[in-house]
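One structure is given here, and the rest of the page talks about it.
The values are calculated or read from the model by the stated rules, or taken from the named source; none is laboratory data. All values derive from a computational prediction rather than experimental measurement. Here the Cβ positions follow ideal geometry from the backbone for every residue, glycine too, while neighbour counts run over all protein chains shown. Remember, those area values only see protein heavy atoms, side chains included, never the ligands or the DNA or RNA. Shrake-Rupley method; radii C 1.70, N 1.55, O 1.52, S 1.80 Å.
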Amino acid sequence: MYYKEDSIIYHNGAYIHPEKASGNMYSQALHYGNGVFEGIRAYKTKFGAKIFKAEAHYKRLKYGAEVMGIPFNYSIEELIDITYKLLEKNNLQDAYIRPLLTTGANMSLLTSEESLLTIQCWEWGKYMGDKLLKVKTSRFQRPNPKSCFVEAKVTGHYTNSILSTNEAKNAGYDEALLLDMNGNVAECSGANIFMQKDGKLYTPKRGHIMAGITRSTILEICKEESFSVEEKHFTLDELKQADSAFFTGTAAEVVGLESLDDYVFPLSWESSLGYKLMKLYKQEVLCERSTKLSEAI
Ligand code: PMP
């Protein structure tokens with residue numbers, strides 16, 4: 001599914017077939033989850049393939065590497081360049097792009113002095129599908145910001161996302177909603193959340209969540225379209241009185257929620273602000289909006 005006979009990945013300076021890549025079995029990333037990654041999308045637009053918010057994604061990768069002490073030997077411009085070349089080599093315009101910076105062999109708990117960059121890309125539809133989601137509140141909380149850097153996309157952090165997704169899917173739901181350590185609503189396992197109440201949107205403020213690039217794009221679109229939106233903490237009880245809700249993320253894009261546990265969101269998806277934003281977000285990534293956000297191209 002992820003690669004074919006003629007697929008190419010970028011691997012530590014070379015463009016090679018994925019099966020030609022080699023890894024180190026003593027890698028600290030493998031043993032302790034000390035690696036950082038990104039999830040980026042490119043879209044086929046009237047201007048050709050455009051990587052959406054490439055700079056913001058690579059800046060987040062760099063931030064993650066810095067806080068984890070992982071050597072980061074590339075400039076953002078170089079990385080963007082490499083990624084466009086990679087898309088070309090794979091003959092892809094609509095693609096999901098996965099840069100991964102792993103650490104070298106080191107069985108101690110001090111960050112390895114070596115790092116290795118791999119960038120993969122493949123065709124990937126909307127990660128959570130197109131239908132409205134049935135969501136379960138997870139028994140797992142998002143990581144405590146005093147025990148790690150929650151805004152860094154560190155590979156090891158994703159065991160929390162795997163636990164909550166397994167739990168939700170095994171109970172017959174589509175996705176998990178996680179609370180933060182204070183019991184406020186945080187986010188989905190791999191996406192941010194917005195709720196609509198009385199014509200206004202709310203999304204948890206930063207501190208316990210991934211600072212999603214889709215989330216900030218949605219906030220910018222709201223500003224441009226004069227949709228009322230506020231970043232603030234809210235509880236599960238408040239979410240269960242909302243008219244509508246949706247998730248945002250690079251892989252998921254904008255996807256509506258049908259229900260949360262036993263609570264069914266009463267407003268029809270088609271008449272919600274989330275639905276309008278789903279359409280506007282699509283236009284934005286395809287460079288089809290008349291107002292262009294700063295980094296869209
Ligand atoms: N929350 C989590 C936990 C995530 O993994 C992601 C995906 N990076 C998001 C939110 C959404 O972030 P973005 O919009 O930058 O993809």
Next on the checklist: Taking every pair of distinct Cα atoms and averaging 1/r, then inverting, what Kirkwood hydrodynamic radius in Å comes out for the chain?
Outcome noted: 20.0
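In percent, how large is the relative contact order of the stretch 9-122, given Cα pairs closer than 8 Å and 6 or more residues apart?
Values: 195 pairs, mean separation 43.4, N = 114.
Here the relative contact order equals 38 percent.
Determine the sum of side-chain charges near Met181: Lys and Arg each +1, Asp and Glu each -1, restricted to other residues whose C-beta is under 15 angstrom from that of Met181.
On the way: positive: Arg139, Arg142, Lys146, Lys205, Arg206; negative: Asp180, Glu187.
The answer is +3.
Sort 224-236, 112-124, 187-199 by the packing proxy (mean of other Cβ within 10 Å over each peptide's residues), most packed first.
Numbers: 224-236: 14.1, 112-124: 19.4, 187-199: 21.3.
The packing order, highest mean first, is 187-199, 112-124, 224-236.
Do any chymotrypsin sites (Phe, Trp or Tyr not before Pro) in the stretch 1-62 lie in a loop, going by DSSP, with at most 15 other beta-carbon atoms within 10 Å of their beta carbon, and if so which? Display every interim value, and only then the final one.
On the way: sites: Tyr2, Tyr3, Tyr10, Tyr15, Tyr26, Tyr32, Phe37, Tyr43, Phe47, Phe52, Tyr58; in loops: Tyr2, Tyr3, Tyr26, Phe47, Phe52.
Answer by residue number: Tyr2, Tyr3, Tyr26, Phe47.
In whole percent, and with a 1.4 Å probe on the protein chains, what portion of the accessible area of the chain is carbon and sulfur? Don't skip to the end; give the middle numbers.
Details: 6960 of 14020 Å².
Here it works out to 50 percent.
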Item to check | Inter-site label distance for Ala49 and Glu270 at 7 Å from Cα along Cβ, in nm | outcome: 3.6
Next on the checklist: With the cut-off at 1.5 for a/c, could you classify the stretch 139-208 from its C-alpha gyration tensor as rounded, prolate or oblate?
Outcome noted: oblate
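Rounded to the nearest whole Å², what accessible area per residue is found for the stretch 133-285 with the 1.4 Å probe?
On the way: 6220 Å² over 153 residues.
Ligands and nucleic acids excluded, the figure is 41 Å² per residue.
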Item to check | Descending Cα extents along the principal axes, the stretch 214-297, whole Å | outcome: 41, 23, 23
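Can you compute the helix-only [θ] at 222 nm over the chain? Use -39500 (n - 2.57) per DSSP H run of at least 4 residues, normalise by all residues, nearest 500 deg cm²/dmol. Show your work: numbers first, answer last.
On the way: 7 runs with 76 residues, N = 297.
Here the helix-only value at 222 nm equals -7500 deg cm²/dmol.
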Checklist entry - In the neighborhood of Lys134, defined by Cβ-to-Cβ distances under 10 Å, what is the net charge if each Lys or Arg adds +1 and each Asp or Glu adds -1? => result -2
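For a quick check of your reading of the filter: which trypsin sites (Lys or Arg not before Pro) in the stretch 106-161 sit in a DSSP loop and have no more than 10 other Cβ atoms within 10 Å?
Lys146
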Next on the checklist: I'd like the per residue volume of the convex hull spanned by the Cα atoms of the stretch 9-122, given in cubic angstrom.
Outcome noted: 89
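Could you pull out the trypsin sites (Lys or Arg not before Pro) across the stretch 19-57 that fall in loop regions by DSSP (anything but H, G, I, E, B) with no more than 11 other Cβ atoms inside 10 Å?
Listed in order of number, the matching sites are Lys46.
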Checklist entry - Under unit Cβ charges (Lys, Arg +1; Asp, Glu -1), what dipole magnitude, rounded to 20 debye, does the chain have relative to its Cα centre? => result 120
Checklist outcome for this item: Summing +1 per Lys or Arg and -1 per Asp or Glu among the other residues with Cβ less than 12 Å from Gly207's Cβ gives +1
